[in-house]
Amino acid sequence: MPLSSAEAFAPATVANLGVGFDILGLAVDGAGDTIRAELTATPGVVIREIVGDHGKLPRDPLKNTAGIAAAAVLKAVNASSGMALTIHKGLPLASGLGSSAASAVAGAVVANALLGEPLTRDQLLEHALEGEAAVTGYHADNIAPCLYGGITLSYGVTSGEIVRLPVPEGLHLALITPHIEVLTAKARAVLPANVPLKTMVAQTAGVARLIHAIYQGDVAQMAAAMETDTVVEPARSHLIPHIAEARRLAKEAGALALVISGAGPTLCAVCDHADAALLTAQAVTALYEDAGIGADRRVGTVLASGAYVI
Ligand code: HSE
């Protein structure tokens, strides 16, 4: 039965996990976007308010990831009513924390909740992807962990092509977001169109090693495998100042690896205990503060469940 209002939360996500470009991702416990939807008699979606985006996101529902996803759900069920969305951005834009995916997923989940849950989570995937595609293109490495939770392998964009991987025990993350903006489109434009066969073999080996380590529950091996990317990070590192120094300081503070989260600029350090994550977050943040850039830091574990109705 349709409700008069509903609210949903969708978490931050780390895409790629280093070497797993466009296919691996995880959901982070803590920050995320929250969307409230109210039923309206007029069909379609309107965006009533966006809080926390400093006026940067489109208010036009046809151009907004959450609006597009919610409208796709309405259309899928032939709803005669509409909805008004209030979006609370808990995630910074263009930060590498899956901000657009979180809004798209929250938009799809809240729309479904408002309509009385006519669609399954697998069906929501397609509609959340429609929202995400408007901003970053059709890949599910943020959408899948955001919707399903945990660590996901997306070898395609349909629910049958998404695998939930086990979450190694003791995995802790430090996420440091330097105060610079890296637009996903730009971070994708700098990538090579082709790679030599030898590089392809090394990258494939890195992904295989990473997935094996995840199934073994071996955080140290997982971290080492994540850092074997020789294609994407080398092409993007110039977009993120001081990345080499950040990695050095992270390891000094006890982290096992440091990679770019998604398209950046957030850096994701992998640790095997909470203290190391905290110390790493502090050390890398201090680096960016000393450099006059500034940074935000978050520490957390993997969120086992994905987006949820509040
Ligand atoms: N896999 C994507 C990338 C994530 O690194 O470009 C950002 O959408």
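Straight-line cross-link reach from LYS63 at under 16 Å between alpha-carbon atoms covers these aspartates and glutamates, not counting any fewer than eight positions away in the same chain: GLU49, ASP53, GLU130, GLU132. Taking amide H atoms as placed 1.01 Å from N in the peptide plane, the amide H of LEU17 lies under 5 Å from those of GLY262, each 5 or more residues away in sequence or on another chain.
Can you give the net charge of the other residues whose Cβ lies under 12 Å from the Cβ of GLU289, counting K and R as +1 and D and E as -1? Result for the neighbourhood of GLU289: -1.
A convex hull fitted to the Cα coordinates of the chain yields 115 cubic angstrom per residue.
For the range 1-103, the relative contact order works out to 35 percent when only alpha carbon pairs closer than 8 Å and six or more residues apart are counted.
Couplings 3J(HN,Hα) of the range 182-194, computed from phi: 10, 6, 4, 4, 5, 5, 8, 5, 7, 7, x, 6, 9 Hz, in residue order, whole Hz [Karplus 6.51 cos²θ - 1.76 cosθ + 1.60, θ = phi - 60°; x for Gly and Pro].
How much length, in nm to one decimal, is gained on full extension between VAL77 and ALA41, taken as 0.36 nm per residue of separation minus their Cα-Cα distance? Write out the running numbers ahead of the final one.
Working: separation 36, 0.36 × 36 = 12.96 nm, distance 1.58 nm.
Extending this stretch completely gives an extra 11.4 nm.
Across the range 134-206, the mean sequence separation of Cα contacts (distance under 8 Å, 6 or more residues apart), normalised by length, yields a relative contact order of 19 percent. Based on C-alpha pairs under 8 angstrom that are at least 6 apart in sequence, the range 148-301 has a relative contact order of 33 percent. Among the listed pairs LYS186/LYS251; LYS75/LYS186; LYS89/LYS251; LYS56/LYS89, those whose Cα-Cα separation exceeds 22 Å are LYS186/LYS251; LYS75/LYS186; LYS89/LYS251.
Using the Cα centre of the range 172-300 as origin and beta-carbon charges of +1 (Lys, Arg) and -1 (Asp, Glu), tell me which of GLY294, SER261, ALA187 is placed farthest towards the positive end of the dipole. Going by the Cα projections, it comes out as ALA187.
Computed from the coordinates by the stated procedures, all read-outs in this text should not be read as laboratory data. Being a predicted model, the structure only gives us computed values, none of them experimental. Note: ideal-geometry Cβ built from the backbone for every residue, glycine included; neighbour counts use all protein chains shown.
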